[in-house]
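Peer 1: Take this structure, written in C-alpha cells, and hold onto it; I'll ask about it next.
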Amino acid sequence: MVNPMEQKLILSEDTELKIDTATFSDLEDLNELFDAYRVFYEKQSDKETSEAFLQERIEKDESIIYIARNEKGTAVGFVQLYPIFSSTRMKRLWLLNDLYVDSKFRGQGFSKALIERSKKLCRESGACGMMLETAKDNHIGNQLYPATGWALDKDHNFYSWDVE
C-alpha cells in the first residue's frame, strides 16, 4: 500500500529523495539529525533529551515533521512545522521552525524539496502561508529562502522574551 503522506522525487540522475511524515519508527534517525541541527545552532549535544522532545511532539501531534531519505534510505534531513493562526487573516498559518540537511548532503536539492513539501502542507490544510525566522548570519538559509519563494519581511520588528 502507498503511504499518502509519502512523496518520492527525482532530484537528479543519481539523486532520488523520499519524504515521509516522521513516525515513531523514524525516531532514531530523526534524533541524529535533530541533535546535529541543535549543535549547528551552538547548543550542547543532548540526544537523550532531544529524543524525548521529538517523541513528545509526535505523540501529542503538536507538529508535523517530514524526514527526507536518499535513494539508499539514509536520513539526510528534516523539516518541523508548528501550526499557529493568523487572527487578521482568520486562517491557519504554519511556522517552519526547523529545517536541516546533513552537511554531507547539502547542495543536492534536499532543502528545497523539504520546503516544497511544506508548501504542499499549507495548501492541503487551507493555510494562508508559512513564516520562519533564521539568524542573520545563516548565509546558507538566507540564500535558500528567497530562492524558494520566501520574502524577507522588512516592515516588522521581531521581538522575543525569555523566562529567566
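The values are calculated or read from the model by the stated rules, or taken from the named source; none is laboratory data. Since the model is a prediction, treat every value here as computed from it, not as a measurement. Every residue, glycine among them, receives a Cβ derived from its backbone with ideal geometry; neighbour counts consider all protein chains shown.
Peer 1: In a loop (DSSP other than H, G, I, E, B) and without any contact (Cβ under 8 Å) to a residue 24 or more places away in the chain, is that true of Glu62? Working first, answer last.
Peer 2: Details: in a loop (DSSP other than H, G, I, E, B): yes; without any contact (Cβ under 8 Å) to a residue 24 or more places away in the chain: yes.
For Glu62, the condition - in a loop (DSSP other than H, G, I, E, B) and without any contact (Cβ under 8 Å) to a residue 24 or more places away in the chain - is met.
Peer 1: So in the range 91-140, with the set limited to residues that are hydroxyl-bearing (Ser, Thr, Tyr) and closer than 20 Å to Ala151 by Cβ, which one is farthest from the chain's Cα centre (by Cα)? Give the derivation first.
Peer 2: Start the filter on the range 91-140 by keeping residues that are hydroxyl-bearing (Ser, Thr, Tyr), which leaves 100, 103, 111, 118, 125, 134.
Among the residues that remain, those that are also closer than 20 Å to Ala151 by Cβ are: 111, 118, 134.
On the way: Ser111: 8, Ser118: 8, Thr134: 12 Å.
The extreme case among them is Thr134.
Peer 1: State all residues of the range 133-160 that are in a loop (DSSP other than H, G, I, E, B) and hydroxyl-bearing (Ser, Thr, Tyr); if no residue qualifies, say none. Let's see the steps before the verdict.
Peer 2: Going residue by residue through the range 133-160, those that are in a loop (DSSP other than H, G, I, E, B) are 133-138, 148-160.
The answer is Thr134, Thr148, Tyr159, Ser160.
Peer 1: With Ser63, Ser86 as the choices, which residue is over 14 Å from the mean Cα position of the chain (by Cα) and among the hydroxyl-bearing types (Ser, Thr, Tyr)? Show your work before the answer.
Peer 2: Details: Ser63 fails: over 14 Å from the mean Cα position of the chain (by Cα).
Residue meeting the stated conditions: Ser86.
Peer 1: Give me a count of the residues in the range 117-143 that are among the acidic types (Asp, Glu) and farther than 19 Å from Thr21 by Cα.
Peer 2: Kept after step one, since they are among the acidic types (Asp, Glu), are these residues of the range 117-143: 124, 133, 137.
Keeping just the survivors that are farther than 19 Å from Thr21 by Cα gives 133, 137.
Number of matching residues: 2.
Peer 1: Ok, one more. Going by the structure shown, is Lys120 surrounded by fewer than 18 Cβ atoms within 10 Å (Cβ to Cβ), outside any loop (DSSP other than H, G, I, E, B) and touching a residue at least 40 places away in the same chain (Cβ under 8 Å)? Even if it seems obvious, please write down each step before you answer.
Peer 2: Numbers: surrounded by fewer than 18 Cβ atoms within 10 Å (Cβ to Cβ): yes; outside any loop (DSSP other than H, G, I, E, B): yes; touching a residue at least 40 places away in the same chain (Cβ under 8 Å): yes.
Against the criterion (surrounded by fewer than 18 Cβ atoms within 10 Å (Cβ to Cβ), outside any loop (DSSP other than H, G, I, E, B) and touching a residue at least 40 places away in the same chain (Cβ under 8 Å)), Lys120 qualifies.
Peer 1: Follow-up question, since we're still on this one. Go through Leu54, Leu99, Leu114 for me and flag whichever is over 17 Å from Ile19 (Cα atoms), surrounded by 13 or more Cβ atoms within 10 Å (Cβ to Cβ) and among the aliphatic types (A, V, I, L, M). Lay out the reasoning, then the answer.
Peer 2: Working: Leu99 fails: over 17 Å from Ile19 (Cα atoms); Leu114 fails: over 17 Å from Ile19 (Cα atoms).
From the options Leu54, Leu99, Leu114, the qualifying one is Leu54.
Peer 1: Still on this structure: Within the bounds of the range 122-138, is there any residue that is polar (S, T, N, Q), at pLDDT 95 or above and within 23 Å of Phe40 (Cβ to Cβ)?
Peer 2: We begin by selecting, within the range 122-138, every residue polar (S, T, N, Q); these are 125, 134, 138.
Among the residues that remain, those that are also at pLDDT 95 or above are: 125.
Cutting the leftovers down to within 23 Å of Phe40 (Cβ to Cβ) gives us none.
No, every residue in the range 122-138 fails to be polar (S, T, N, Q), at pLDDT 95 or above and within 23 Å of Phe40 (Cβ to Cβ).
Peer 1: Let me ask you something else. Considering only the range 26-52, state which residues are over 14 Å from the mean Cα position of the chain (by Cα), free of Cβ contacts under 8 Å to residues at least 60 places away in the same chain and not in a loop (DSSP other than H, G, I, E, B).
Peer 2: Those that are over 14 Å from the mean Cα position of the chain (by Cα), free of Cβ contacts under 8 Å to residues at least 60 places away in the same chain and not in a loop (DSSP other than H, G, I, E, B): Asp26, Leu27, Glu28, Asp29, Glu32, Val39, Lys47, Glu48, Thr49, Ser50, Glu51, Ala52.
Peer 1: Of all residues in the range 86-96 being of a type in the set (S, T, N, Q) and exposed (fewer than 13 other Cβ atoms within 10 Å of the Cβ), which is farthest from Ser63 (Cα to Cα)?
Peer 2: Filtering the range 86-96 for residues of a type in the set (S, T, N, Q) gives 86-88.
Those left that are additionally exposed (fewer than 13 other Cβ atoms within 10 Å of the Cβ): 87-88.
Values: Ser87: 20, Thr88: 23 Å.
Among residues in the range 86-96 that are of a type in the set (S, T, N, Q) and exposed (fewer than 13 other Cβ atoms within 10 Å of the Cβ), the one farthest from Ser63 (Cα to Cα) is Thr88.
Peer 1: Test of understanding: among Gln80, Gln108, Gln55, which residue is more than 28 Å from Gln143 (Cα to Cα) and either in contact (Cβ under 8 Å) with a residue 12 or more places away in the chain or outside any loop (DSSP other than H, G, I, E, B) (or both)?
Peer 2: Numbers: Gln80 fails: more than 28 Å from Gln143 (Cα to Cα); Gln108 fails: more than 28 Å from Gln143 (Cα to Cα).
It is Gln55.
Peer 1: In this structure, does Ala147 turn out to be modelled with pLDDT under 90 and either exposed (fewer than 13 other Cβ atoms within 10 Å of the Cβ) or out of contact with any strand residue (DSSP E or B) (no Cβ under 7 Å at 6 or more places or on another chain) (or both)?
Peer 2: Details: modelled with pLDDT under 90: no; either exposed (fewer than 13 other Cβ atoms within 10 Å of the Cβ) or out of contact with any strand residue (DSSP E or B) (no Cβ under 7 Å at 6 or more places or on another chain) (or both): yes.
No, not satisfied.
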